[in-house]
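> Okay, handing you the structure first.
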Ligand code: GTB
């Protein structure tokens, strides 16, 4: 069983940035990595984010959220502050230095991020408006103003107030969203500050995890899409030549299948019994190097008139971008419990083992 307090966060199922780490789950992943806290990431689609289940966690229907036992948090500031208070390493012990580090967190979120958010809206959502071109310089100047002041305060220091803290984590996370606009390069001291943050091993682990998972989820989706259209060679594309696929006794083709040839036989045999239907992943949960695909199967078998409708899960284990094991579970919760034991592997060093998410 996983540790009951292993926290679960949420992230986009398919981040619009294609895995560039610009969505706000990255700062939470970074904080989790800094403090060495194993975690599980549940990936939510844009649709699911607005449904009752997610709204119960996040009243504004956004990511990320944070669940730890009975505690549910939203807002990245609150989540990072909670982690920093729970663990050592992100806030100084001295009460005054601690209060100053928290002040920098608020400065990042309340003073520096709002105009950056506004710039992203202006560049992405309002670019087609007739007034957009005229307004853009004004929005860019609103971004620059606090950056001049921040750069002057940082000066030649590595971090904003002594040692690296949650204040720096938040400030770097906010500033790096500016890179695409070119504005960050206008402030060499801030550009170097952001680079120092990104060079931290914990940031790299967080970034690599979300980037890898972006591609891995796409690969898992394609495996089921290929099975649905009865294209077995395409279903094998994401699978390592040493693949091991373990199907439990109460499934149509029980057993352990090793290598492409045996797995081809297994998939062909199982798929060959269908007259029509689909097996669709409904959502994905990531723990360490494991992606749990929560599946909904709805098929009519050949020579049958009734439909089979069921929910189960496959756990895909990735190594170097390929699936080395698929383990099928009849009960979704069993799959989640089994996979989440491996969230702890985030404490081990990459690239052999990496954290999840997002
Ligand atoms: N104040 C909240 C916090 O800090 O937690 C803001 C949370 C928030 O805005 N979350 C965004 C979200 O869930 C994701 S980060 N949006 C979905 C929605 O509103 O329906 C914003 C974001 C999204 C995408 C990119 N990107 O692709 O580059 C970057 C940033």
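> Is it possible to state the helix-based mean residue ellipticity at 222 nm for the chain, with each DSSP H run of 4+ residues giving -39500 (n - 2.57), the sum divided by total residues, to the nearest 500 deg cm²/dmol? What is it?
Value at 222 nm, helices only: -12500 deg cm²/dmol.
> Using only Cα atoms, locate the centre of region 171-194 and the centre of region 96-141, then give the distance between them in Å, rounded to an integer.
Value for the Cα centre distance between the two parts: 12 Å.
> When the convex hull of the C-alpha atoms of region 240-304 is computed, what volume per residue in Å³ does it have?
Hull volume over Cα atoms, normalised by residue count, gives 101 Å³.
> Please compute the Kirkwood hydrodynamic radius over region 43-89, one decimal place, Å, based on all pairs of different Cα atoms.
With all distinct Cα pairs of region 43-89 included, I get 11.4 Å.
> Now for a different question. Rg/Rh for region 95-199 to two decimals, with Rh computed the Kirkwood way over all alpha-carbon pairs.
The Rg/Rh ratio comes out at 1.01.
> Can you tell me how much longer the chain between residue 256 and residue 141 gets when fully stretched, taken as 0.36 nm per residue apart minus their C-alpha distance, in nm with one decimal? Kindly include the intermediate steps, with their values, before the conclusion.
On the way: separation 115, 0.36 × 115 = 41.40 nm, distance 6.15 nm.
Result: 35.2 nm gained on full extension.
> Need the full-extension length gain, residue 124 to residue 269, defined as separation in residues times 0.36 nm minus the C-alpha distance. One decimal, nm. Don't skip to the answer; put the middle values down first.
Details: separation 145, 0.36 × 145 = 52.20 nm, distance 4.77 nm.
47.4 nm is the gain from fully extending residue 124 to residue 269.
> Suppose we keep just the DSSP beta bridges with both residues in the chain; what percent of those would be antiparallel, to 5?
Beta bridges within the chain, antiparallel portion: roughly 85 percent.
> Related question: Quick one: order 159, 307 by neighbouring beta-carbon count within 10 Å, fewest to most.
307, 159
> Just to confirm the number: angle between the C-alpha axis of helix 166-175 and the first principal axis of the chain, 0 to 90 degrees, nearest 10?
80
> For region 215-347, give the share of DSSP beta bridges that are antiparallel, in percent and rounded to the nearest 5; count only bridges with both residues there. Kindly include the intermediate steps, with their values, before the conclusion.
On the way: 33 of 37 bridges.
Given both bridge residues lie in region 215-347, the antiparallel proportion sits at roughly 90 percent.
> Running a GNM on the chain with Cα contacts under 10 Å, which residue among 28, 326, 41 ends up with the highest mean-square fluctuation?
Highest fluctuation among the options: 326.
> Sticking with this one: Based on the alpha carbons, how large is the Rg to Rh ratio for the chain when Rh follows Kirkwood?
1.04
> So if I take the alpha carbon set of region 215-347, get Rg, then get Rh from the Kirkwood formula, what is the Rg over Rh ratio?
0.95
> Quick check on region 5-90: take the gyration tensor over C-alpha atoms, sort the square-rooted eigenvalues as a ≥ b ≥ c, and tell me if it's rounded (a/c under 1.5), prolate or oblate. Intermediate values should be presented prior to the final figure.
Values: a/c = 2.03, a/b = 1.35, b/c = 1.50.
Oblate is the answer for region 5-90, as a/c is 1.5 or above yet b/c matches or exceeds a/b.
> Give me the distance between the Cα centres of region 289-348 and region 19-90, rounded to whole Å.
23
> Where does each of 5, 170, 105, 140 land when they are ranked from fewest to most other beta-carbon atoms within 10 angstrom?
In order of increasing Cβ crowding within 10 Å: 5, 140, 105, 170.
> Taking the chain as the reference, fit the longest principal axis to its C-alpha atoms, fit the long axis of helix 25-34 to the helix C-alpha atoms, and give the angle between the two in degrees, 0 to 90, nearest 10.
Once rounded, one gets 80 degrees.
> If the elastic network links every pair of Cα atoms under 10 Å, which of 183, 217, 291 fluctuates the most in the Gaussian network model of the chain?
Among 183, 217, 291, the largest GNM mean-square fluctuation belongs to 183.
Bear in mind these aren't lab numbers, they're just calculated from the coordinates by the rules spelled out. Please read these numbers as outputs of a predicted model, since none were measured by experiment. With ideal geometry, Cβ positions are generated from the backbone for all residues, glycine too; neighbour counts draw on all protein chains shown.
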